[in-house]
């Protein structure tokens, strides 16, 4: 059994606490948070968990061998570094860090100390994304022409991070996972509607070495809740719509056929519009799968699917996107 502490019990931290506390392979011993009201509520709902406003207590306890960091993103580097230096495995919520240099430092530190470092790219553990990845890898949709995603809602307007850092890590991590490569450059444009310098809406474009492009649209100022990823292939197209209660993945048998007709007008393009296939996908809560994967990696010495290097790559894309935002959309190489 793994003894774990959680640092940060805010909006998403509460979900992690709920999930970890219900796992047979986990003893959730501590939860740290700055809010006395949050700690009081935790003490009432989880009587076997020690609430504390000083996360150093978690790091000093030799019984704790893994820590989940779900504090605000601006504090991820500082907290995760102290976790690793204390000799404990670390799970960091997305985004891994704000700066790529900080993410790289955490990766090197985890390697030096032979510790597991995992980043909370939740959608990589979603059964529907697993199904879409399988469909792509077996060549069912042909070569990928482009991918576009939309993550929109009328929701919380943050002051400590913009929509790019708050929302786009989900879609960036999925895109990199589906394509199996890193983009060459990114371009981003957006607008700060309510707080100067904090973009509420962002359009991010990624260009990959093989010519594939991916476009990400994120906003917390939209009248519609949209959580959709579309993959357009040379043979078929796949849509993952997480807002749909059922039939979240649909395969559209649509493509453009190219042919050369003898004695006619030469080259021709024909639109092929087939049916729609809905694969049977057994659903399990992605967060449960993600947390179980973290424990499995610790117990079996396995590299996490969303390990530190994966988190570093996503952070590099975010950092390049942020630079492009400040340059009014000028493409920036992913360093």
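Throughout, read-outs are computed from the coordinates displayed, never taken from laboratory work. Here the structure is a predicted model, which is why all the values come from computation and not from measurement. Because the Cβ atoms are built from the backbone with ideal geometry, glycine has one as well, and the counts that use them run over all protein chains shown.
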note = Percent relative contact order for the range 63-130, counting Cα pairs under 8 Å at least six residues apart, stands at 32
query = For residue 143 and residue 330, FRET efficiency with R0 = 35 Å and r from the beta-carbon atoms, rounded to 0.05?
reply = 0.75
query = What relative contact order, as a whole-number percentage, does the chain give when Cα pairs under 8 Å and 6 or more residues apart are counted?
reply = 18
key: Net lengthening on full extension, residue 235/residue 156 (0.36 nm per residue, minus Cα-Cα)   = 24.5 nm
remark   = Note: residue 257 to residue 194 extended length (0.36 nm per residue) minus current alpha-carbon separation gives 18.0 nm
inquiry  = Can you tell me the orientation of helix 36-45 relative to the chain, as the angle in degrees between its alpha-carbon axis and the longest Cα principal axis, to the nearest 10?
reply    = 90
inquiry  = Percent of Cα-Cα pairs more than 28 Å apart in the range 200-335, please.
reply    = 45
task = Just grab the label-to-label distance for residue 283 and residue 46, each label 7 Å out from Cα along the Cβ direction, in nm (one decimal).
result = 2.5
note = Rounded to the nearest 10, the angle in degrees between the Cα long axis of helix 163-179 and the longest principal axis of the Cα atoms of the chain comes to 60
request  = Translational diffusion coefficient, Stokes-Einstein: compute it for the chain using the Kirkwood radius over C-alpha pairs as Rh, at 4 °C and 1.567 mPa s, and state it as an integer in µm² s⁻¹.
outcome  = 61
Cα centroid of the range 1-45 to Cα centroid of the range 194-230, whole Å = 32
query = At what distance in angstrom do the alpha carbon centres of the range 269-328 and the range 72-94 lie from each other?
reply = 20
note = Quick calc of log₁₀ I(q)/I(0), the range 2-121, Debye, one scatterer on every Cα, no solvent, q values 0.20 1/Å, result -1.07
note = CD proxy, 222 nm, the chain: helix-only mean residue ellipticity via -39,500 (n - 2.57) per DSSP H run with n ≥ 4, per residue, nearest 500, stands at -10500 deg cm²/dmol
request  = Measure nothing but the geometry: give the 0 to 90° angle between the long axis through the Cα atoms of 76-85 and the longest principal axis through the Cα atoms of the chain, rounded to 10°.
outcome  = 60
ask   = If you average the sequence gap of Cα pairs under 8 Å that are 6 or more apart and divide by the length of the range 2-121, what percent do you get for the contact order?
value = 23
